[in-house]
Each structure stands twice: as structure tokens, then as C-alpha cells.
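Written below as C-alpha cells is the structure these notes are about.
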Amino acid sequence: MTKLNELSPREGSVKGRMRVGRGPGSGKGKTAGRGVKGQKSRTGVSIAGFEGGQMPLHMRMPKRGFNMHRPKDFAEVNLWRLEQAIAAGKLDAKAAIDAKVLVAAGVLRREKDGVRLLGKGEINTKINITVYSASASAIAAVEKAGGTVTTLRPQTEAGSEG
């Protein structure tokens, strides 16, 4: 039985590293595969995007749009997924449905920053669901089936978003 200190890789499976800058006979002598002269031939160079003092392209281009500092990450659920869970007996349509119920039923993996109800598919069952936010088509479909959608998202004043 081999001992741990006697283990070695199979013959020919590991190739030795190239030793550069060790004379012309090695094939990687003198410039060591780095070309000739200049900053890039030296070690420790990090000049990606540097244009020799000229304003770099990424700084010359105009800035557009807005990126939120900490955007909310929602767990999204579609209407067809709710209908499927109700048909399978995982969700009780008569009871109130919220994020914790959806996670317990296995419809969602985790709650994240809240649940967003989306309108893909159809729902024929009357449900009372509480979510962070919902699309207009999802709300219309649930109300058409006789149910209600309660959103927890704080309502902003009209005209303040922009």
C-alpha cells in the first residue's frame, strides 16, 4: 500500500513549467516571450484602458441612465405557477396566500426582498394574495377570477417618480 508521502502523479501527466529568460538555448531567452522594451515588457504592469495620458475612451463617452445603489431583488411568481400549485394541492386557495405560504408550499425557493406577482398564464381560482408588488395584468386576472391582490409596496405620490 502506498503512503501519502510517496504519492506522485502518473508519468507524463504533468508538464514542467517553462523557465523563461535562461539563455538562447531554451528558446525563451533574452526577452522571455515578452517582445522588446517598454512598460509592457516589465513586470507588475496594469495599464488596461490607459491611453498614454490622453483621456481614455471610457471616460470620453457620455454617461447615460441611472443605476440604483442597492436595487431590490424580487422573487417573481406567475399566475400559471399559482394555478398549478393549487391544482396539485400544495396551496389552499381558500386561505390567505403570502410570501411565507408560497415558500412553504415550494412555489418559491426563498422570499428575497419581496414577491412580485406577474401576469403570465391564467388563473381560474378565487384567491386572496398579499405580495410586495404586482403587474397590472396580474391584478386584473386575479380580480376577474373573483380574488383580491394586496400590495405591500409603499405608494408614492403621483408625479414624484421621474
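The values are calculated or read from the model by the stated rules, or taken from the named source; none is laboratory data. Given the structure is predicted, the values throughout are model-derived calculations rather than measurements. Neighbour counts are summed over all protein chains in view; Cβ atoms, including those assigned to glycine, are modelled from backbone coordinates with ideal geometry.
Given (1) surrounded by 12 or more Cβ atoms within 10 Å (Cβ to Cβ); (2) of a type outside the set (Asp, Glu); (3) under 20 Å from Thr151 (Cβ atoms), where does Ile86 come up short, assuming only one miss?
That leaves (3) as the condition not met.
So which of Glu143, Glu76, Glu51, Glu122 is under 30 Å from Arg34 (Cβ atoms) and either among the acidic types (Asp, Glu) or not assigned by TED's automatic domain parsing to the domain that holds Arg34 (or both)?
Glu51
Quick one: how many residues across the stretch 1-51 are closer than 30 Å to Met61 by Cβ and among the β-branched types (Val, Ile, Thr)?
Adding up the residues that qualify gives 2.
Please work out if Ala87 is in the same structural domain as Gly119 (by TED's automatic domain parsing) and out of contact with any Leu (no Cβ under 8 Å at 6 or more places or on another chain).
yes
Output the number of the condition that Leu117 fails; it satisfies all remaining conditions of (1) over 16 Å from Thr150 (Cβ atoms); (2) in contact with a helix residue (DSSP H, G or I) (Cβ under 7 Å, 6 or more places away or on another chain).
Result: Leu117 passes all but (1).
Being within 27 Å of the chain's Cα centre (by Cα) and modelled with pLDDT of 80 or more is the filter here, so list the residues in the stretch 140-162 that pass it.
Answer for the stretch 140-162, where residues must be within 27 Å of the chain's Cα centre (by Cα) and modelled with pLDDT of 80 or more: Thr151, Leu152, Arg153, Pro154.
I'd like to verify a number: residues in the stretch 112-133 that are among the hydrophobic types (A, V, I, L, M, F, W, C) and under 21 Å from the mean Cα position of the chain (by Cα), how many?
Count: 3.
Only one of (1) in contact (Cβ under 8 Å) with a residue 60 or more places away in the chain; (2) within 28 Å of Met68 (Cα to Cα) is not met by Arg153, so which one is it?
The one condition Arg153 does not meet is (1).
For a quick check of your reading of the model, give me the residue pairs whose first member lies in the stretch 29-41 and is more than 16 Å from Arg19 (Cα to Cα), whose second is of a type in the set (Val, Ile, Thr), with beta-carbon atoms closer than 6 Å and at least 6 apart or on different chains.
Gln39/Val45
If you go through the stretch 40-72 one residue at a time, how many are surrounded by 10 or more Cβ atoms within 10 Å (Cβ to Cβ) and either closer than 26 Å to Ala136 by Cβ or in contact with an Asp or Glu (Cβ under 8 Å, 6 or more places away or on another chain) (or both)?
Final tally of qualifying residues: 1.
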